[in-house]
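Colleague: First, the structure itself, so that you have it in front of you.
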Amino acid sequence: MKRHIYDCQAGCPVESTLQVIAGKWKSVILYHLFTNETCRFSELQHWMPGCSRRMLALQLQELINDDIIIKKVYPVVPPKTEYRVSTFGQTLEPVILAMEQWGNYYNSVSKEKENNGASSRVHQ
């Protein structure tokens with residue numbers, strides 16, 4: 001897929017980033033690759049049970065096409081395939097780790113709101 005260069009105005013570089021990591025699973029795939037260095041397809045499937053085999057394959061292929069990850073196929077039977085982050089893809093690590101940090105913050109705030117809402121309903 002041809003990618004665009006968004007550098008026309010403030011905010012456009014964010015669009016450039018999103019066109020590469022957008023999608024429900026790409027950032028999750030990258031998170032697992034950053035935390036495990038290399039992953040097999042079956043491992044990613046195990047860690048992402050809500051992602052279908054087809055969707056995982058599509059998301060991996062898009063990341064490969066964008067030079068974010070590298071696929072290595074070993075000539076063995078049964079076939080063994082590993083994925084790892086490319087040198088270029090490594091530049092996304094601070095972005096993915098910031099997303100993890102914000103996600104943890106969001107989850108804690110959401111749980112706190114949920115717990116406060118539950119306790120206020122009990123006291124009514």
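The values are calculated or read from the model by the stated rules, or taken from the named source; none is laboratory data. Predicted model only: the values in this text are computed from it and were never measured. Positions of Cβ are backbone-derived with ideal geometry, glycine not excepted, and every protein chain shown enters the neighbour counts.
Colleague: Identify the residue in region 4-46 that is outside any helix (DSSP H, G or I) and among the basic types (Lys, Arg) and, among all such residues, is modelled with the lowest pLDDT. Please lay out each step first, then the result.
Modeller: Residues of region 4-46 that are outside any helix (DSSP H, G or I), as a first pass: 4-11, 22-25, 37-40.
Among the residues that remain, those that are also among the basic types (Lys, Arg) are: 24, 40.
Values: Lys24: 87, Arg40: 95.
Taking the candidates together, the pick is Lys24.
Colleague: Examine region 47-64 for a residue that is under 11 Å from the mean Cα position of the chain (by Cα) and of a type in the set (S, T, N, Q), and state whether such a residue exists.
Modeller: Looking through region 47-64, at least one residue is under 11 Å from the mean Cα position of the chain (by Cα) and of a type in the set (S, T, N, Q).
Colleague: Please determine, by comparing only the residues of region 47-69 that are among the polar types (S, T, N, Q) and assigned to a helix (DSSP H, G or I), which one is surrounded by the most Cβ atoms within 10 Å (Cβ to Cβ).
Modeller: By that ranking, first place goes to Gln59.
Quick grid of which residues meet (1) at pLDDT below 95; (2) part of a loop (DSSP other than H, G, I, E, B); (3) of a type in the set (Phe, Trp, Tyr):
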| residue | (1), (2), (3) |
| --- | --- |
| Arg84 | no, no, no |
| Leu92 | no, no, no |
| Asn116 | yes, no, no |
| Ser120 | yes, no, no |
| Gln124 | yes, yes, no |
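Colleague: Where residues in region 24-68 are of a type in the set (S, T, N, Q) and touching a Phe, Trp or Tyr at 6+ places or on another chain (Cβ under 8 Å), which of them is farthest from Gly103 (Cα to Cα)?
Modeller: Thr38
Colleague: Follow-up. Name every residue in region 70-102 that is surrounded by 12 or more Cβ atoms within 10 Å (Cβ to Cβ) and more than 14 Å from the chain's Cα centre (by Cα), in order of residue number.
Modeller: Those that are surrounded by 12 or more Cβ atoms within 10 Å (Cβ to Cβ) and more than 14 Å from the chain's Cα centre (by Cα): Ile70, Lys71, Lys80, Thr81, Glu82, Ser86, Phe88.
Colleague: If you don't mind, another one. Looking at (1) modelled with pLDDT of 95 or more; (2) part of a helix (DSSP H, G or I), which is the one condition that is false for Lys72?
Modeller: (2)
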